[in-house]
């Protein structure tokens, strides 16, 4: 009984604690279970990150393509379309230079300051004039059409005429709108204009030469800038004015950049070309 008790006690001492096995040097034995791979949750996270990354790359490519189309290709298409519109206009030809003993240069139209001819307001989207600004060296002659909505005029035809405002040469305010960016951006360089600069409008048979009198930046709600008397909607007009309107600042529609001018003179196209378009004042 004593030996069995002693043996039992020794066995208890070797195990350190009855019922719990120990490995060499008293350490617990290593588990025999196989190690598990990444959890399903971690795999799903990695998969989601990969999908999101691919979507972001695709979105970036599409955004870049859209910007290229909006900021570059619409200009290419717009310039081409507007040049074709100007070429197809039915209008009187400017006389060819007449050689003489003293000169053979272009025929310069004599300014007239009597009552100018004034067109009736045409139907919507009708192109009835062109506009040129000598200070914008390198800029082409732009078509002017009836209306100022984007879909049928500004995006596809060029410069738009505010319905109900004066026609070229008329008493009141000949008010125009044009893009400053995209779609050939006809008014892109509007901030370069200075007081006294000429703005030349041509209809089928008449030149109208306006001079810039002021520029300003206003909020879109300040529509009185295109009133017959700008800034005073209730006043009766006595002058023949022009107003150019476009978005401001560049790539934003937060404000409007406004250019006002007054008619300097007019001339029949049959009489020649305004000196302002030939490098004159």
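The numbers here are math on the coordinates, done by the rules we state, and not lab data. These numbers were taken from a predicted model, which means no experiment stands behind them. Ideal geometry is used to build each Cβ from the backbone, glycine not excepted, and the neighbour counts take in all protein chains shown.
Based only on other Cβ atoms within 10 Å, what is the fewest-to-most ordering of 167, 250?
250, 167
What shape does the stretch 117-268 have by the C-alpha gyration tensor, where a ≥ b ≥ c are the square roots of the eigenvalues, rounded means a/c under 1.5, and otherwise prolate means a/b greater than b/c and oblate the rest?
Cα axes put the stretch 117-268 in the rounded bin.
If you count the DSSP beta bridges with both ends in the stretch 147-242, what percent of them are antiparallel, to the nearest 5?
The antiparallel fraction comes to roughly 70 percent.
What is the list of residues in the stretch 197-223 whose amide nitrogen lies under 19 Å from a point 7 angstrom out from the Cα of residue 108, following Cα to Cβ?
197-201, 207-211
Between the stretch 102-158 and the stretch 188-233, how many Å separate their Cα centres?
13 Å
Taking neighbour counts of Cβ atoms within 10 Å as a proxy for exposure, in what order, fewest first, do 77, 110 appear? Kindly include the intermediate steps, with their values, before the conclusion.
Details: 77 15, 110 12.
Fewest-to-most ranking of 77, 110: 110, 77.
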